[in-house]
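Read the structure below first, then the notes.
The values are calculated or read from the model by the stated rules, or taken from the named source; none is laboratory data. Keep in mind that what you see is a predicted model, and the values were worked out from it rather than measured. Using ideal geometry, Cβ is built from the backbone for each residue, glycine included, and neighbour counts are taken over all protein chains shown. We work out accessible area using only protein heavy atoms, side chains counted, and drop any ligands, DNA or RNA first. Shrake-Rupley method; radii C 1.70, N 1.55, O 1.52, S 1.80 Å.
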Amino acid sequence: QVQLVESGGGLVQPGESLRLSCAVSGSIFSVISMGWYRQNPGKERELAAGISSSGSTNYADSVKGRFTISRDNAENIVYLQMNSLKPEDTAVYYCNVLVRVRRYASAGTYWGKGILVTISS
């Protein structure tokens, strides 16, 4: 079983920063990719940022230059540093990982429960 525990959300004012963390634990052989998605009520979940096992990153256009994703491979933690936050960044943020639980097993995707980020003055 794979568990994801997210932390770091909350309420901040426009222009401020937050850092989200997601710790991955359980029976894991390898973590292939990690990412953060976000979703608002009535809207589809969208990728905010992703990072591969080699460290290559990709970002939604709306967060480029403001968000930075990073990972600690030794601890299986993924971070999302969010700067210059805007009201439109308000959403529930979900941690997502693609892992292999055994050496020759197929990769599987797992989700965190989600954490609320609210940007408001």
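Over the chain, with every protein chain in place, what whole percent of the accessible area is carbon and sulfur at 1.4 Å, could you tell me? Answer for the chain: carbon and sulfur cover 47 percent of the accessible area. Placing unit charges on the Cβ atoms only, positive for Lys and Arg and negative for Asp and Glu, gives the chain a dipole magnitude near 320 debye about its Cα centre.
Given their separation in residues at 0.36 nm each and the Cα-Cα distance between them, K86 and S30 gain 16.7 nm when the chain is fully extended. In the chain, the DSSP beta bridges split such that about 95 percent are antiparallel, to the nearest 5. The distance linking region 4-26 with region 81-111 is 12 Å (Cα centroid to Cα centroid, whole angstrom). Excluding same-chain neighbours fewer than eight residues apart, the aspartates and glutamates reachable from K113 by a Cα-Cα span under 12 Å are E6. A 1.4 Å probe run over region 1-80, with the rest of the protein chains in place, finds 53 Å² accessible per residue.
Partners of K86 within straight-line reach, counting lysines whose Cα lies under 21 Å from its Cα and excluding those fewer than 8 residues away in the same chain: K43, K64. Kindly list the residues of region 78-114 that lie in the label zone of Q39, defined by a backbone N under 18 Å from the point 7 Å along the Cα-to-C-beta vector. From region 78-114, the list is 89-98, 109-114.
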